[in-house]
Amino acid sequence: MNKLLARQIKKYLGDMAVIPGNAEQFFKAIDDAYNGFESDLSLMENAFNLSSQEFARVNEQLQKEIEEKKRTEEALRDSERHLRLKLEYILSPEKNIKDFSLKDLIDVSTLQEIQNSFAETTGVASIITDVEGNPITEPSNFCKVCELIRSTKKGSERCVASDKILGEKTEKLKKPVYEECLSCGFVDACAPIFVEGVHVANWLIGQSNIGKVDRTRIKGYAIEIGVDPDEMMRAYDSMSSMGIKQFKKILSLLWRLAKNLSMLGYNNLKLARELYEREKLENEILKARKLESIGILAGGIAHDFNNILTSILGNIMLLKQFITPDEAHAGFISNVEKASERAKDLTQQLLTFSKGGAPIKKAASISDLIQDSVNFVLKGSNVKPRFIIQDAIYPVEIDEGQINQVINNLIINADQAMPDGGEIIVRCENIILEEKQIPDLKQGKYVKITIQDHGHGISEKHLSKIFDPYFTTKNNGTGLGLATTYSIIKRHDGAITVESQEGLGTSFYIYLPASTKNIQKKNTDTVEIVKGNGKILIMDDDPMVRATISDMVAHLGYQVTDVKDGIEAIEIYRDSVERNDFFDVVIMDLTIPGGMGGKEAVTKLLQINPDANCIVSSGYSNDPVMSKFQDYGFKGILRKPVTITELSSVLHTFTQ
């Protein structure tokens, strides 16, 4: 080290540099320090190596724990998926308890653990099979003789057949039985396992040498099934034997355990049903909340849109009164009218999401309405209907316009699902539902409507979403059709369900409560515009709507006064009464933002004149006034957009 420093000093100082005499001591101190540094460095390197090794060990352990956690989480997800599939299998509409095996109701690992403990405790061989004799669990405590027998195809088949025969006897007797097996004459026993009264499995014990078994028979059977007879005899000689009393005691214990498994299977099935019903209820609540939230928006849009349509349709209808159909521009006016009618239908769909879309019900025959709706939609289509309608269908209380919309939506979907043509089955029948047979429906009499197509079907991932607002798989779909259908049926205190399989088709089931009311006869007379005379008071906050309705009323021959809110309406009406110059009819908008609407104003008008003919008009309302208008003092309704034909009919009723 000192020589190295000397060379470095000479390099910088040159040959003339003189190294002091005591430099050796200085160099030695530096050399010692360097050696000490190397020692410390070695210690540091060793410590670092040890730390690295510890770090690697800890890191490896951590990686193992992470991998184990991942495996555990994946196993849990697999278990949840398995449980979900099992629940779906158990609770699918086409399944019943007769379709199940015990392994569908109790996890096989649980069965295996119970069986192993029983076999270890009692010393007998044990296995659980389905009712056909096929093993559900792995054998427990099987003796060498039976292992040899079951190692061959013929021997195994004979064992399965023997187990099945034993199981059939227990099913018939509803209790455990024991007898010789079909193989070598050993004693086997079987305890049946029932769930809800249905035989789902057998718990077998046996391979028990109770008394002497013919050795010649054992040797001959070994040769018959292809087992070395000497090996078979050695296995037989190693078997333990027990008395019949001990065996019966074990069988009695087996029967008690089998009953416990029956109860466990029943409880699991009951729990699965409860979970399934809870999930369905939660889905229904979620769906209702979605519809409620969108209803607030949809109702407001529909209200404003119907006011606009009232002006458009009203003016078109007035214009048509002054032209003849053969005039050149008559076709353009008709096209505008048709487009407005389509817009009216769209607002009606939006209204079904809001409380303002409450159905105006009356007792009716559903069968005629269904046939008329289906035939109308499929007119000119390559898809044909097949009606299966029961005689004497119960009356139902319905809003015919809304139920017609439901049938139209479902038939249009079915028609579009079969572009190459086909047949739609439309079934209508009377049924009686039990409590909770259909979620949310009370027990009692119902009319069930089935619409079944044989189209492309609906995928499983989409099936739970088809009634959601704005969900659609069509390129030009609005996502309102089925959501509207769902909402309408719910508001009729009914239910709608669906079954579908891709490539096979879709079936919709509608349930409507039967009515005890008499069916009202339809007025088949053609509705015409009827003119009249009298004084009409119109109240509406929208100037454009007010002007349009006023123009239509005036065109029909009536004197018109219009006001913008309930306060003005009351003042003018009171003044007319004081002058003994009564208004014949008062048409009032139900809702006036920031002012007095029809609901409040009608009570004050009736205080002035209890015989006032008040008509409520609205495109939307948060109150059920439109469907129960009589309860609020109104004598009639006009739905926006108001047409001149409807206006004519209502005015004529109260002024003739």
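The values are calculated or read from the model by the stated rules, or taken from the named source; none is laboratory data. All of these numbers come straight from a predicted model, not from anything done at the bench. All Cβ positions, glycine included, derive from the backbone under ideal geometry; neighbour counts span all protein chains shown.
Before moving on, here are some points about what is shown:
- Positions within region 117-155 being under 48 Å from the mean Cα position of the chain (by Cα) and assigned to a helix (DSSP H, G or I), in sequence order: Ser117, Phe118, Ala119, Glu120, Thr121, Arg150, Lys153
- Residue ID - surrounded by the most Cβ atoms within 10 Å (Cβ to Cβ), chosen from residues in region 634-656 that are under 39 Å from the mean Cα position of the chain (by Cα) and outside any loop (DSSP other than H, G, I, E, B): Leu638
- For region 486-512, filtered to residues that are farther than 12 Å from Asn413 by Cα and of a type in the set (S, T, N, Q), the residue that is surrounded by the most Cβ atoms within 10 Å (Cβ to Cβ) is Ser487.
- Failed condition for Val602, given (1) in contact with a Pro (Cβ under 9 Å, 6 or more places away or on another chain); (2) crowded, with 21+ Cβ neighbours inside 10 Å: (1)
- Highlighted here are the strands (runs of 3 or more DSSP E) found entirely within region 157-227 that include at least 3 residues which are crowded, with 20+ Cβ neighbours inside 10 Å and at pLDDT 80 or above: 187-195, 198-208.
- Output for region 126-173, where each listed residue is within 16 Å of Ala201 (Cα to Cα), of a type in the set (S, T, N, Q) and in contact with a strand residue (DSSP E or B) (Cβ under 8 Å, 6 or more places away or on another chain): Ser126, Thr129, Thr137, Ser162, Thr170
- Every residue from region 583-605 that is touching a strand residue (DSSP E or B) at 6+ places or on another chain (Cβ under 7 Å) and farther than 25 Å from Gly534 by Cβ: Thr591
- The listed residue being farther than 25 Å from Pro395 by Cβ and at pLDDT 90 or above, out of Asp468, Asp415, Asp420: Asp415
- When Lys628 is tested against (1) free of Cβ contacts under 8 Å to residues at least 24 places away in the same chain; (2) surrounded by 21 or more Cβ atoms within 10 Å (Cβ to Cβ); (3) basic (Lys, Arg), exactly one condition is not met: (2).
- Hits in region 480-503 - residues which are in a loop (DSSP other than H, G, I, E, B) and either modelled with pLDDT of 90 or more or closer than 30 Å to Ala343 by Cβ (or both): Leu480, His492, Asp493, Gly494
- Residue check, Gly619 closer than 26 Å to Leu318 by Cβ and either surrounded by 17 or more Cβ atoms within 10 Å (Cβ to Cβ) or at pLDDT below 95 (or both): yes
- Contacts under 8 angstrom Cβ, first residue in region 432-451 being assigned by TED's automatic domain parsing to the domain that holds Leu410, partner acidic (Asp, Glu) and assigned to a loop (DSSP other than H, G, I, E, B), 6 or more apart: Lys442/Glu435; Gln443/Glu434; Gln443/Glu435
- Residue count for region 254-274, restricted to those that are over 27 Å from Thr122 (Cα atoms) and buried (at least 16 other Cβ atoms within 10 Å of the Cβ): 3.
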